[in-house]
Amino acid sequence: MFEHFRALGGDPELLKPVLGVDPQYLRTAVDEMQRRFGSIEGYFDRGLGIGPDGQHALRAALIEPLEAAGLRE
C-alpha cells in the first residue's frame, strides 16, 4: 500500500501514523488487554465474545498455517 501510494505521487510517511506498526503501541495494547482480561483467551472470550470453539477455529486458520510454514516459533 505504501509503494502504491508513492507511485501515485503521495508521501508514504503520511501513511505511517495510520497504517504503520509501532512496537510500543503494540506492547501497550497487549499490556492493557492482559490487565483487563488476564490473557489473550480472556480478551477473545469476554472482550470480543469469541468462545473456545471460535478461538480454536481462528488458531487453525491463522496461526497453525504459519507454524507449519516455519514462520512462527
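Condition first: part of a loop (DSSP other than H, G, I, E, B) and either in contact with a helix residue (DSSP H, G or I) (Cβ under 7 Å, 6 or more places away or on another chain) or closer than 26 Å to I63 by Cα (or both). Now tell me which residues in segment 1-16 satisfy that.
If the condition is that a residue be part of a loop (DSSP other than H, G, I, E, B) and either in contact with a helix residue (DSSP H, G or I) (Cβ under 7 Å, 6 or more places away or on another chain) or closer than 26 Å to I63 by Cα (or both), then M1, L15 are the ones that fit.
What number goes with the only condition from (1) open to solvent by 70 Å² or more (accessible area, probe 1.4 Å); (2) modelled with pLDDT under 90 that F2 does not pass?
(1)
Inside segment 18-57, can you point out the residues that are of a type in the set (S, T, N, Q), farther than 27 Å from F5 by Cβ and open to solvent by less than 80 Å² (accessible area, probe 1.4 Å)?
S39, Q55 - these are the residues of segment 18-57 that are of a type in the set (S, T, N, Q), farther than 27 Å from F5 by Cβ and open to solvent by less than 80 Å² (accessible area, probe 1.4 Å).
Across segment 17-61, what is the total count of residues that are part of a helix (DSSP H, G or I) and either of a type outside the set (D, E) or in contact with a Cys (Cβ under 8 Å, 6 or more places away or on another chain) (or both)?
31
Given the structure, is A60 over 14 Å from the mean Cα position of the chain (by Cα), on the phi < 0 side of the Ramachandran plot and surrounded by fewer than 10 Cβ atoms within 10 Å (Cβ to Cβ)?
In short, no.
The values are calculated or read from the model by the stated rules, or taken from the named source; none is laboratory data. Since the model is a prediction, treat every value here as computed from it, not as a measurement. Counting neighbours? That spans all protein chains shown, and the Cβs are built from the backbone with ideal geometry, glycine included. Side chains included, ligands, DNA and RNA excluded: accessible areas come from the protein's heavy atoms. Shrake-Rupley method; radii C 1.70, N 1.55, O 1.52, S 1.80 Å.
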